[in-house]
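First comes the structure, then the notes that go with it.
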Amino acid sequence: MTIRLYDTSARQIRDFAPLTPGRVSIYLCGATVQAAPHIGHIRSGLNFDIMRRWFTHRGYDVTFVRNVTDIDDKIITKAEDQGRPWWSIGYENERAFNAAYDGLGCLPPTYEPRATGHIPEMTEMMRVLIDRGHAYAADGNVYFDVRSFEGYLALSNQELDNLLQPSGEGETGKRDPRDFAMWKAAKPGEPSWDTPWGPGRPGWHLECSAMAHKYLGSAFDIHGGGVDLVFPHHENEIAQSKAYGDDFAAYWAHNAWVTMSGEKMSKSLGNSVLVSEMVKRWRPIVLRYYLGTPHYRSTIEYSEESLREAEAAFGRIEGFLQRAVEAVGDTGPAAEVPAAFAEAMDDDFAVPQALAAVHTTVRQGNAALGEDDKETAAAALADVRAMLGVLGLDPLDAQWASGGDAGRGEELHDVVDALVRLVLDQRQAARARKDYATADAIRDELKQSGLVIEDTPAGPRWELGGASH
């Protein structure tokens with residue numbers, strides 16, 4: 001039952017040993033809420049949601065913290081450009097992120113702290129670091145002296161003398177251009193908070209050190225985030241926190257990017273795909289399958305074709321569940337997952353291999369249904385539901401049945417379903433009058449349109465891309 005996890009700091013897979021037996025503490029760098037989320041943003045939330053679910057399945061009590069960066073340069077710039085208060089930009093996009101997390105089936109975090117709610121904790125951390133000679137004030141800014149911390153850049157395996165970090169705008173008074181800002185002096189008209197070193201606002205890195213300490217203590221198990229955060233964000237967090245006296249994170253886990261044409265998905269490159277638009281075209285549960293089932297450390301190259309393949313693959317699973325429930329009823333998920341699934345998840349959360357166990361069980365269940373072996377089919381149904389539940393992908397679970405999976409836009413789905421039902425009624429009428437030529441012609445026309453009709457004891461069912469209705 002030992003879970004093994006790739007630790008970025010060790011550059012190898014390690015056996016996971018929690019600091020407190022039976023408990024797991026996770027800090028995940030969350031959203032900077034300067035704009036609505038694209039699917040690259042949400043991938044991180046999905047990957048760590050699956051990780052959290054597996055720890056819970058293995059019997060751990062999980063504390064999961066995902067922060068919100070609600071003040072930074074981009075938020076301030078957008079507020080100025082749009083003539084709006086800075087906080088309204090942040091709050092609007094924070095809601096958009098939470099809608100995306102919820103819509104794609106992520107469990108809510110144990111705590112979701114905002115940066116601006118923790119200025120006192122940041123001030124205290126800066127005071128201690130200045131007193132210990134690790135930080136200094138200059139021109140209303142507070143900087144961390146990177147040469148004062150011996151282990152700086154160990155996570156990213158870089159050499160300080162080869163590192164160039166020119167001063168950012170307004171970051172005056174640095175002793176070394178590679179020193180980073182913990183606190184930024186306020187410019188006229190900008191939001192600010194009072195500190196002993198003058199009014200200003202937090203630097204990006206300080207907030208996470210302060211919030212991790214507040215909610216998880218001086219030491220916690222896992223710190224997570226996208227691979228792009230290794231440097232400078234996570235390096236700077238380590239320097240601040242350890243210089244402050246914290247042991248900080250025992251393991252570091254990083255998910256890979258979603259790319260388009262080989263480049264990281266980002267708003268600045270104009271290649272982002274907003275979650276709010278994607279859920280109008282694709283069922284949210286299919287998006288979760290697409291983003292959550294590759295290994296978290298592997299890059300996803302976005303394409304419409306790969307999404308269609310994901311839809312078809314998930315549709316085969318969903319189709320089995322529907323047929324099995326119709327044939328044998330539903331007694332719920334099994335108490336334990338199959339051994340092959342558990343072994344894969346224990347091995348650095350190898351979801352692709354775990355998913356192979358799901359598809360193997362689906363094939364076995366379909367074969368049992370074909371042979372009218374209800375006992376085997378029922379066991380397969382329970383196993384598949386248990387495995388999908390761990391992945392947050394069980395379409396029979398309440399989170400999806402209650403509306404979490406809105407389809408490709410509820411209105412569009414309802415219209416398509418009504419039209420297809422009308423045509424199926426015409427086909428049924430033709431069959432009733434024994435006009436089988438017309439009935440078959442209707443079925444064949446629908447098939448050419450991408451719709452597959454299956455006659456079941458409960459009536460005809462139509463499928464599009466493998467998803468049953």
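The values are calculated or read from the model by the stated rules, or taken from the named source; none is laboratory data. In this text the structure is predicted, and so the values were computed from the model without any measurement. Please note: Cβ atoms are built from the backbone with ideal geometry, for glycine as well, and neighbour counts cover all protein chains shown.
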*Being at pLDDT below 95 and closer than 17 Å to residue 234 by Cβ is the filter here, so list the residues in the range 46-75 that pass it.*
72
*asked:* Restricting to the range 44-73, name every residue that is surrounded by fewer than 24 Cβ atoms within 10 Å (Cβ to Cβ) and of a type in the set (S, T, N, Q).
replied: 56, 63, 69
*Selection status of residue 290, in contact (Cβ under 8 Å) with a residue 40 or more places away in the chain, aromatic (Phe, Trp, Tyr) and either farther than 28 Å from residue 253 by Cβ or in contact with a Ser or Thr (Cβ under 9 Å, 6 or more places away or on another chain) (or both)*: no
*asked:* Just to verify a result, which residue in the range 3-26, among those that are among the hydrophobic types (A, V, I, L, M, F, W, C) and in contact with a helix residue (DSSP H, G or I) (Cβ under 7 Å, 6 or more places away or on another chain), is surrounded by the most Cβ atoms within 10 Å (Cβ to Cβ)?
replied: 26
*Sort out which residues of the range 168-194 are surrounded by 21 or more Cβ atoms within 10 Å (Cβ to Cβ) and polar (S, T, N, Q), and write them in order of number.*
none
*asked:* Looking at the range 115-127, can you tell me whether even one residue there is assigned to a helix (DSSP H, G or I), more than 20 Å from residue 71 (Cα to Cα) and within 34 Å of the chain's Cα centre (by Cα)?
replied: no
*Among the residues of the range 287-344 satisfying the criterion of being over 13 Å from residue 388 (Cα atoms) and in contact with a Lys or Arg (Cβ under 6 Å, 6 or more places away or on another chain), which is surrounded by the most Cβ atoms within 10 Å (Cβ to Cβ)?*
291
*Counting only residues that are of a type in the set (Val, Ile, Thr) and either modelled with pLDDT under 95 or surrounded by 19 or more Cβ atoms within 10 Å (Cβ to Cβ) (or both), which one in the range 358-410 is nearest to residue 276 (Cα to Cα)?*
390
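Table: residues versus (1) modelled with pLDDT of 95 or more; (2) hydroxyl-bearing (Ser, Thr, Tyr).
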{"residue": "5", "(1), (2)": "yes, no"}
{"residue": "8", "(1), (2)": "yes, yes"}
{"residue": "12", "(1), (2)": "yes, no"}
{"residue": "24", "(1), (2)": "yes, no"}
{"residue": "27", "(1), (2)": "yes, yes"}
{"residue": "33", "(1), (2)": "yes, no"}
{"residue": "38", "(1), (2)": "no, no"}
{"residue": "41", "(1), (2)": "no, no"}
{"residue": "44", "(1), (2)": "yes, yes"}
